[in-house]
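Here the structure is laid out as structure tokens; the discussion comes afterwards.
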Amino acid sequence: MPDLQADGALVGSRRSLRDRRRRGLLLMHVPERRLGWDRRRLTDSPVEQLLHGISVRDGLALCLIAGVVVANVADVLLTSALLQRGATEANALLLSIMATQGIPAAFGFKMLACLAVVGLVWALRRHRSAVILLVAWLSAYALLNIYQACLFVIR
């Protein structure tokens, strides 16, 4: 007769009635959550190494998130200065909020939406797609602020 292992399964070709698979039905099993880094070789690409470094370092992710919030505030300030100089808002949602509620309400909505997405990105910062979203979002805000600064100088 085969010996029992520590987990209750028999060693050999026969299995006991207390097999692991049967006991597994009574236990709660949480499936492994893939973060997006497991199937990629980080040594191949410096971009992958950078993204992975952001995901595992809370300080770096927090700096990028703070950069997004600062860029959003700069966008609000530049947009309000350009609106005073006669420019129009290109964002249709903000334009409709400005028309019905006023400029402060639209900018408040924009800041609340930014903070909501920032909170979501912070909660999911270990996932590859959230880190890509964070880097792309910061890059887009940087380009937008550069464009608005150029418009501010021209007008």
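A short reminder: the numbers here are calculations on the coordinates, not readings from a lab. Just so it is clear, the model here is predicted, and its values are computed rather than measured. Reconstructed Cβ throughout: ideal geometry from the backbone, glycine too, with neighbour counts over all protein chains shown.
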Answer residue from region 118-151, given it is surrounded by 15 or more Cβ atoms within 10 Å (Cβ to Cβ) and not hydrophobic (A, V, I, L, M, F, W, C) and is farthest from the chain's Cα centre (by Cα) among those
GLN148
Please go through region 58-102 and give me each residue that is polar (S, T, N, Q) and over 24 Å from ALA123 (Cα atoms), ordered by number.
THR79, SER80, GLN84, THR88, ASN91, SER96, THR100, GLN101
Mind listing just one residue for me: the one in region 42-79 that is of a type in the set (Ser, Thr, Tyr) and surrounded by 14 or more Cβ atoms within 10 Å (Cβ to Cβ) and, of those, farthest from GLN148 (Cα to Cα)?
SER55
